[in-house]
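S.K.: Quick one: the structure is below, and I'll ask about it shortly.
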Amino acid sequence: MGIKCVAIRTSAEPDAMYLSYADIIHEEEDENAEIPVFLDIEKLINVAVASKCDALHPGYGFLAENAYFAEKCRDHGITFIGPSPDAIYKMGNKPVARQIAMRHGIPMAMGTPGNVADEDEALKHAARIGYPVIIKAASGGGGRGMRIVRQESEMEKMFILASREAEKAFNDPSVFIEKYIENPKHIEFQILGDTHGNIIHLGERECSIQRKHQKLLEEAPSPALDEELRQRMGETAVRIASAVGYYSAGTVEFLLDSDRNFYFMEMNTRIQVEHPVTEMITGIDLIEQQIRIAGGEALTLKQEDIRLTGWAIECRINAEDVQAGFAPSPGRIEKISFPEEPGIRVDTGVRAGSSIVASYDSMVAKLIVTGTDRRQAIRNTKIALDKVWIKGTKTTLPFFRMLMRNHLFQEGTFTTAFIEKDLEKFHTSSEYEETIAAWLATKLFVEENLTDNKTNINFDQSRELTPWLLRKRLTQF
């Protein structure tokens with residue numbers, strides 16, 4: 001767009017990949033700082049002022065949903081590329097958002113009208129609502145500060161854990177309680193609004209593949225929705241966004257039960273990690289739209305202009321050890337390679353030599369793959385995943401490779417409970433798992449260590465071989 005960009009170099013990542021895209025680099029010595037620079041509001045504002053920035057884009061970090069941060073930008077004449085501080089506060093405070101939703105007839109699960117003071121009050125509300133219930137942080141999101149309580153005896157422990165986690169993550173220990181909906185689908189709608197009162201939605205994303213309320217894979221559209229349900233949920237999403245005068249990009253999140261009833265869960269007042277799948281099926285650059293809206297431009301799109309074409313799947317490749325329960329696996333990336341083909345998009349902030357440090361998020365890359373329909377998108381993702389190579393740290397690649405071959409995922413019948421209920425069975429579902437693992441290991445060995453062509457094994461073609469032929473080929477080799 002021809003806009004010059006300022007970026008901050010930190011002590012933790014002095015050679016970060018994003019710096020190579022900046023026009024101006026601000027040096028920040030934060031090695032011994034109490035607060036990381038990307039969470040230090042005063043320091044960020046000072047950098048923006050000193051650099052004579054017109055605007056500030058908060059990405060999808062914690063400060064992206066901080067009303068005080070947005071207000072401080074405004075006070076210093078800096079355009080915050082996001083919604084108004086008022087909208088951030090109203091939608092960011094979950095009990096307040098629930099009250100607004102109730103006033104506008106938005107369907108919701110039964111819950112408390114506001115924050116819950118202590119365990120005794122929580123027990124009274126839970127008895128009224130009926131177990132199981134879920135304790136949620138009043139501020140923030142991303143699965144932090146949430147605990148499921150299935151019986152009265154668990155309340156005290158879970159209340160303390162949820163409150164402590166909320167305070168640590170969002171500097172706010174406040175929590176509230178909702179009825180816990182068993183085995184739902186997690187569906188979210190992408191919203192775009194401008195400062196002239198226009199609001200539209202860009203369809204939905206399926207986000208049910210998650211662990212401990214943390215999303216691992218998203219796709220658009222959702223296999224659970226038909227046009228009638230999509231229209232009803234989309235209109236509801238626009239209605240609640242309109243209720244707070246929302247502008248910029250945002251996401252309205254719903255739970256969908258087995259009877260196809262949907263319930264408002266929360267609104268994320270920022271761009272989300274999974275926004276690329278919406279971009280791929282709509283052809284609309286959401287970040288560009290955010291910037292144009294922040295500059296005062298009116299949306300040129302109307303609801304009838306939005307067309308969902310094809311299917312897109314995003315795999316969040318994190319530096320985590322799947323076999324160790326998705327434990328963080330920081331380290332230095334020695335080699336990294338992604339396929340470069342039509343229909344494949346890779347969003348990453350690392351390259352060979354980059355380090356995944358414990359002080360930041362463990363995400364290595366997002367692999368986004370498209371297809372004309374869901375079946376082809378899964379097939380293309382399966383092939384693309386086999387072409388990704390990351391050496392130096394453990395990643396979630398093995399999980400995604402297995403997921404693409406799981407029949408429940410392929411059928412689209414999974415829920416948010418999929419990993420907890422089916423993962424163990426999932427890991428041992430194939431009698432050829434050892435053969436496949438040996439084939440992949442041999443492939444990497446050949447590519448890394450052999451330079452001649454004496455083996456006569458075409459590994460790209462061997463993906464189409466049956467397990468029996470694969471075993472035979474490997475035995476011959």
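S.K.: Return the residues of the range 298-318 that are acidic (Asp, Glu) and either at pLDDT below 95 or farther than 23 Å from ARG211 by Cβ (or both); say none if nothing qualifies. Let's see the steps before the verdict.
M.R.: Step one: of the range 298-318, the residues acidic (Asp, Glu) are 304-305, 314.
Within the range 298-318, GLU304, ASP305 qualify.
S.K.: Taking the residues in the range 330-345 that are surrounded by 14 or more Cβ atoms within 10 Å (Cβ to Cβ) and touching a helix residue (DSSP H, G or I) at 6+ places or on another chain (Cβ under 9 Å) as candidates, determine which candidate is nearest to THR372 (Cα to Cα).
M.R.: GLY343
The rows are residues; the columns are (1) within 23 Å of ALA377 (Cβ to Cβ); (2) touching a Pro at 6+ places or on another chain (Cβ under 7 Å); (3) small (Gly, Ala, Ser).
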{"site": "PHE189", "(1), (2), (3)": "yes, no, no"}
{"site": "LEU192", "(1), (2), (3)": "no, no, no"}
{"site": "ASN198", "(1), (2), (3)": "no, no, no"}
{"site": "LEU202", "(1), (2), (3)": "yes, no, no"}
{"site": "ARG205", "(1), (2), (3)": "yes, no, no"}
{"site": "SER208", "(1), (2), (3)": "yes, no, yes"}
{"site": "LYS212", "(1), (2), (3)": "no, no, no"}
{"site": "SER222", "(1), (2), (3)": "yes, no, yes"}
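S.K.: Now for a separate question. Which one is farthest from GLU178 (Cα to Cα) among residues in the range 79-123 that are buried (at least 19 other Cβ atoms within 10 Å of the Cβ), in contact with a strand residue (DSSP E or B) (Cβ under 8 Å, 6 or more places away or on another chain) and among the β-branched types (Val, Ile, Thr)?
M.R.: Result: ILE81.
S.K.: Could you tell me whether THR413 is assigned to a loop (DSSP other than H, G, I, E, B) and not acidic (Asp, Glu)?
M.R.: Values: assigned to a loop (DSSP other than H, G, I, E, B): yes; not acidic (Asp, Glu): yes.
In short, yes.
S.K.: Okay, next question. Do we find that TYR21 is farther than 24 Å from THR269 by Cβ and outside the structural domain of SER242 (by TED's automatic domain parsing) in this structure? Please lay out each step first, then the result.
M.R.: Working: farther than 24 Å from THR269 by Cβ: yes; outside the structural domain of SER242 (by TED's automatic domain parsing): yes.
So TYR21 passes the test.
S.K.: When you scan the range 191-235, how many residues do you find that are among the hydroxyl-bearing types (Ser, Thr, Tyr) and part of a strand (DSSP E or B)?
M.R.: The total comes to 1.
S.K.: All but one of (1) crowded, with 20+ Cβ neighbours inside 10 Å; (2) more than 29 Å from ILE356 (Cα to Cα) hold for GLU65; state the number of the condition that does not hold.
M.R.: All conditions pass for GLU65, except number (2).
S.K.: Run ILE106 past the list (1) of a type outside the set (Ser, Thr, Tyr); (2) at positive phi; (3) in contact (Cβ under 8 Å) with a residue 60 or more places away in the chain and report the number of the one that doesn't hold.
M.R.: Of (1) of a type outside the set (Ser, Thr, Tyr); (2) at positive phi; (3) in contact (Cβ under 8 Å) with a residue 60 or more places away in the chain, only one is false for ILE106: (2).
S.K.: Which condition does ARG260 not pass, out of (1) surrounded by fewer than 20 Cβ atoms within 10 Å (Cβ to Cβ); (2) touching a helix residue (DSSP H, G or I) at 6+ places or on another chain (Cβ under 7 Å); (3) at negative phi; (4) touching a residue at least 24 places away in the same chain (Cβ under 8 Å), if it passes all the others?
M.R.: Of the numbered conditions (1) surrounded by fewer than 20 Cβ atoms within 10 Å (Cβ to Cβ); (2) touching a helix residue (DSSP H, G or I) at 6+ places or on another chain (Cβ under 7 Å); (3) at negative phi; (4) touching a residue at least 24 places away in the same chain (Cβ under 8 Å), the odd one out for ARG260 is (3).
S.K.: From the residues in the range 13-33 that are surrounded by 10 or more Cβ atoms within 10 Å (Cβ to Cβ), among the acidic types (Asp, Glu) and modelled with pLDDT under 85, which one is nearest to MET363 (Cα to Cα)?
M.R.: Only one residue fits best here, namely ASP30.
The values are calculated or read from the model by the stated rules, or taken from the named source; none is laboratory data. Since the model is a prediction, treat every value here as computed from it, not as a measurement. In this analysis, Cβ positions are derived from the backbone assuming ideal geometry, glycine residues included, and neighbour counts consider all displayed protein chains.
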